[in-house]
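These notes are about the structure you will find just below.
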Amino acid sequence: MESSTHFLRPVHGTGAFAISRPLHVGRSTVAVEIDIWDDKDRLCVRVTQLVALRRTHA
């Protein structure tokens, strides 16, 4: 439904790692925040997404 990406700085070093957190979990939507850090513990990217859930009927 919505996605926002903020590129704060380039990733330097040999790699990067990400941490994701649910901000809201509802019956029809989920909001998450994802942070990407470089190997020097500097925040490089922050992504916020709002996703609509669809139920499958088996």
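Of all the criteria given as (1) under 15 Å from the mean Cα position of the chain (by Cα); (2) modelled with pLDDT under 95; (3) not aromatic (Phe, Trp, Tyr), the one not satisfied by His6 is (2). Take the conditions open to solvent by 60 Å² or more (accessible area, probe 1.4 Å) and without any contact (Cβ under 8 Å) to a residue 40 or more places away in the chain and apply them to Ile36. Does it pass? So Ile36 does not fit the description; no.
Screening the candidates Arg21, Arg46, Arg54 for the property of being outside any loop (DSSP other than H, G, I, E, B) and loosely packed, with under 10 Cβ neighbours inside 10 Å yields one hit, Arg21.
In the stretch 1-11, which residue that is closer than 16 Å to Arg46 by Cα and part of a loop (DSSP other than H, G, I, E, B) is most open to solvent (accessible area, probe 1.4 Å)? Per the stated criteria, the residue is Arg9.
The values are calculated or read from the model by the stated rules, or taken from the named source; none is laboratory data. Predicted model, so just to flag it, every value in this text is computed and none were measured. Every residue, glycine among them, receives a Cβ derived from its backbone with ideal geometry; neighbour counts consider all protein chains shown. Keep in mind that these areas ignore ligands, DNA and RNA; they rest on the heavy atoms of the full protein, side chains included. Shrake-Rupley method; radii C 1.70, N 1.55, O 1.52, S 1.80 Å.
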